[in-house]
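Everything below concerns the one structure shown next.
No value in this document is a laboratory result; all are computed from the given coordinates. Just so it is clear, the model here is predicted, and its values are computed rather than measured. Every residue, glycine among them, receives a Cβ derived from its backbone with ideal geometry; neighbour counts consider all protein chains shown.
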Amino acid sequence: MKKQIKTGQICAIFIALLPLTKVVCAPSYFAKNCGEKLWQPLIILLLLDLLLLLTCYFIYKKHDNKSFYEILISVYGKPFANGIFILYAIFFFAKTVVPLFEQKIFIENTFYETLPQAPVFYPALIIIFYLALKGLKTFGRTCQIASFITAIGFLLIIFLGIPSADYESLLPLFAFSNKSAPICALTALTYFNDAICLLFFLGSFKAEKKSEFKIFLSYLIPFLCVILFYVTFYGIFDYVALSRKVAISEVGIFSVALINVGRFDHIALFLLALSSIIAVSLPITLSTHCLVQIFGENNRLTISLVLTLMLFGVCVTLSAKYLMVFEFISKYFAPLFVLCGYLLPLLGLGGSNNELQTG
Amino acid sequence: MNYKRGKVFILLFIFCMVSFFTNDFELINIEKTAIIVAIGIDKAEEGVEISAQIAIPQATNQSTTNEDAILSAKAKTIYGALENISLQTGWYPKLTFCNVIIINKEVINQDFMPIINYFLTTNRIQSSAVLSVCEQKAKEVLSSSTPLDYISSFALQKILLRNIDRTSSVLITNIQDFYSNMLSHSRFGYMPYIKSIQTDDKPKENSGSNSQSSNYENEQKEIVPLSSQSANSGGGQGQGGNTQNEQSTLYDASETLLFSNNKLACAFTSSQTNCYNLLTKPIKECFLSVEYEAEGKKKNTLVSIIENFYKVKLKIENGIPILKVELKIICEKEEETPSSYQEEDKWSILSNDALKALESKLNEDIATLIELSKSSNCDFFMVKEKLYRFEPNHYYKLEKNILQLLDYQIKVECKNHH
C-alpha cells in the first residue's frame, strides 16, 4: 500500500516552508530591482502560483489521484516520462542551491560574532539527507511540527517590525511604470514557485473534505505574510533596503521592545533557522522523489546520498561565491524554472479520460 | 533493521546537537578584543585618521584617562584605518557596541559619503550608531575629560541620546537614516554639531542634576555663567557630577548641520533645531521662551510644550507647489518675569497674549526654516520626496525647481494644557 500524505500535511508543508526561503536575501534583491514597488513582482508570482495550484487541482480531478509520473507514462510513454522527471530532478536540485547558501549566510551572520572558522553549517546536510531518504510522508509529518515553529517565529519577527515601518515609503503605488517587475519575478524564481510541490504529491495524496479549499488557503495566507514582510522590510529600511542583505535578522532590530528588553528576536530567529533547514530540504526531497520514480525504490538510499554529497560539494566549493552563483542561477536557469515550474505541469492536463482508464 | 537504523539516526542527531551546542558561537575573546564604544574621524594628510575609544572598566585603574583609552591609526580608507588599528596594536577592534561616530568638520567639507557608505554596508557596526560633527578634532573630543562621565563618548551619548523620542533640543540621526535621506529624492541629511565648551580649571562642586530648563535662547545662555549652567544644562548641553580639579569639557549639540547632495548646505541654530523637531516628531519635553507686551509691560515667559501635533503636506494648486504646515501645540507656563501673580497662575495657564506671542514666534520660525530651505537649496522638509510620493503626476514637471517655486501656508495653534 502506498504511503499516503494527508491534506493537513500538505497544508503544513506550505505553512512551514513557504515563507522561509523568501525572507533571507530575496527582499534586498527585490528592493534593489524594484524599489518601493517590490510588492509588484510578488503579486505576479502569487498569481502564477495560484494558477499552478488550479492546474494541479484540474489534473487531480481529471486523472483520479494518479501520480504525475503515472499520468505522463499513460499519456506520453515511459521514456518521455523519464526524461521529464530527470529534468525535474535537475530543476529541484538547482532550486536548492541559492536558498541553502542563504541559510548558511543567515546562520553565520546572525548567530556568530565573527565569521566561524569551523564548518558549522555542514551538519545541516545530514538532516537534508535524512529527510530526502525518508520521503514525502516523513517530510509531511516533520512539517506538521515545523509549521508551528515557523508560524511563531515568523509572526514574532513581523510584529516586531511593523511598529518601526513607515508604509508611506511604498508610495506611489501605481504611478511610474515598473518595467523591472516581470524581470525581477523571472530572475527570482529560485525562491518561489512552491506550488509545484503539489504536482508531486498527486498520487500519494489522500483527498478529504474541502481539501482544495484548505490547500488554497494554506498557500495564500503564508504568501500574503511574505508580502507583508517585504513591505514592512521596505517600510523600515526605505532607500537603504538594498544594503540590508539578511532581511530576516534585520527587520525586528528597531523595535522598542528590543531596545528595552534585549535581543529576544534571536529566539524567533533560532526557531526560523530550525525550520529553514527543513525548508531547504524540500527541493532535494522532491529531486530524490523524481529519481526514485525512475530508478526504483530500492535505490532511494543511493540517490539521496549522491544528491546530498553533490550538494555538499557545491556548498564547499561555491558557498563563498554566493553572488556569482545567484547571478548564474537566476540568469541561466530562469528558462528551466519557467519550463518546469509553469509549462510542464500543463502536460498533466493532456490525455482523454478513456485513454487513461485503459492505459 | 529499522531498529538499528533508528539507533544510527539517534546517534547522528546527538552528534549534531553536540557539535551545535558546544560551540561558543565564536564569541569574542575579551583578552584580544578592544570593545570600541565610539569612533572619531579626522582628516589626515592622506585619507583619514580613525580614533577608536575603548571601553575600560572604571574600577581597574582609577588613573585611566580618556587619552589612554584611545587607539588611532591612519589610512586612505576607513576600512584600512580600522585594519591598521588591529595590525599596529594587536587588538581586534570590535565595533558592535559602537554607538557614536564623531566626524571632524574638515572631513565633512570633502567628499564624506564613502565613509557613511562603509559604515552602512559593513556588518561590523550597527546602523543605529549616531552620527555627529564636531568643530575641533574628533580625537581631541574623545580624549577630553568631562565631568559628565569618565568616558567622554558616554558623556556625548547622554547628550545626544537623552530621551531620544522626547526632547527637541538635539536633532539626532543615525547611519541608516542619514544615508536613507541622502538617497531619497530630497537628497538631504543632517547631523548634530558638537561644540566643546571648556570650563575653568578651578575646583567646583556640581549639583549633578540635569534640569529641564534647557531651551532658553542663545542670548540667555550667554548671560548665564557657565558655573551656574550646571543647574539648567540641557539644550543639548550637559554638565554634572563630580569635583573637578583639571580643565574639563562640556558639550553643546543643539546646533545642526544640514547637507544637500552630499555637501554641507546650511546650519540650524538651537531655536531652529527646536522648531524643526516640533514639525517632524512627537515631542514630550520642550521649552520655549516668549517675549510679549501686556498691560504696557514687557514680559518674558518660559513655556513648556506638553504635546505637539504636526502636519507637513504638499499640495499642487494651479500648478504651484504649496507646502501646508500645521502645528498644534498643547503647552503650559513654567515661569514668567516679571511675575504678576494672578489667580490662573497656580494652574500654569498662559494668558491669551502669551499664546498669541508664541503662535507668532513659531509662525515666524517656521517661515524662516522654509526660506532657509529655499535659499540653501536644502530640501529638509522633504518636498521632493512628498512630490514623488503624493503628487507623482507633477513629479517630472516640478522636480527640478520645486524649491524655487514653493509657496507655503503656515497654521500654528497654541492651547493651554488645562
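Points to keep in mind about this one:
- With Cα atoms defining each centre, segment A:151-199 and segment A:312-344 are spaced 20 Å apart in the structure.
- Computed log₁₀ I(q)/I(0) - Debye formula, equal Cα scatterers, no solvent, chain A, q 0.07 Å⁻¹: -0.29
- Rounded, prolate or oblate (a/c below 1.5 giving rounded, otherwise prolate when a/b exceeds b/c) for segment A:1-93 by Cα gyration tensor: prolate
- Computed from backbone phi with θ = phi - 60° and the Karplus coefficients 6.51, -1.76 and 1.60, the 3J(HN,Hα) list for segment B:267-280 is 9, 9, 7, 4, 6, 5, 4, 4, 5, 5, 4, 4, 8, 10 Hz; x is used for glycine and proline.
- Exposure proxy ranking, count of Cβ atoms within 10 Å, fewest first, for A:Leu286, A:Leu186: A:Leu186, A:Leu286
- Couplings for segment A:195-207, taken from phi via the Karplus curve 6.51 cos²θ - 1.76 cosθ + 1.60 with θ = phi - 60°, read 4, 4, 4, 4, 4, 8, 8, 4, x, 10, 10, 9, 5 Hz in order; Gly and Pro are left as x.
- For segment B:285-418, with +1 on Lys and Arg beta carbons and -1 on Asp and Glu, the positive-most of B:Ser360, B:Leu406, B:Tyr395 along the dipole: B:Tyr395
- The value given for segment B:285-418 is a Kirkwood hydrodynamic radius of 16.6 Å, derived from the mean inverse Cα-Cα separation.
- Relative contact order [Cα under 8 Å, 6+ residues apart], segment A:1-116, whole percent: 21 percent
- Order by protection proxy (mean Cβ within 10 Å, highest first), peptides A:144-153, A:169-178: A:144-153, A:169-178
- As a rough guide to protection, the peptides A:302-308, B:126-132, B:184-190 ranked by mean Cβ packing within 10 Å, highest first, stand as B:184-190, B:126-132, A:302-308.
- Over chain A, DSSP H runs of length four or greater, each weighted -39,500 (n - 2.57), average out per residue to a 222 nm ellipticity of -22500 deg cm²/dmol.
- Qualifying trypsin sites (Lys or Arg not before Pro) in segment B:344-418, where qualification requires a DSSP coil assignment and no more than 11 other C-beta atoms within 10 Å, comprise B:Lys400.
- Charge dipole (segment A:5-354, unit charges on Cβ, about Cα centre) - positive-most of A:Cys11, A:Thr110, A:Ser211: A:Ser211
- Eligible lysines near A:Lys61 by straight Cα distance, threshold 27 Å, same-chain separation 8 or greater: A:Lys2, A:Lys3, A:Lys6, A:Lys78, A:Lys137, A:Lys206, A:Lys209, A:Lys210, A:Lys214
- Straight Cα distances below 19 angstrom link B:Lys105 to the lysines B:Lys43, B:Lys74, B:Lys76, B:Lys137, B:Lys139, B:Lys195, B:Lys263, with same-chain residues fewer than 8 positions distant left out.
- Placed amide H near B:Asn174: partners under 5 Å, 5+ positions off or other chain: B:Leu131
- Taking amide H positions as modeled 1.01 Å from N, with prolines and chain starts lacking one, the residues under 5 Å from B:Glu255 and 5 or more places away or on another chain are B:Tyr193.
- Helical segments meeting 24 Å axial Cα length and Kyte-Doolittle -1.0 threshold in chain A (DSSP H): A:39-63, A:78-111, A:136-161, A:211-237, A:265-295, A:300-318
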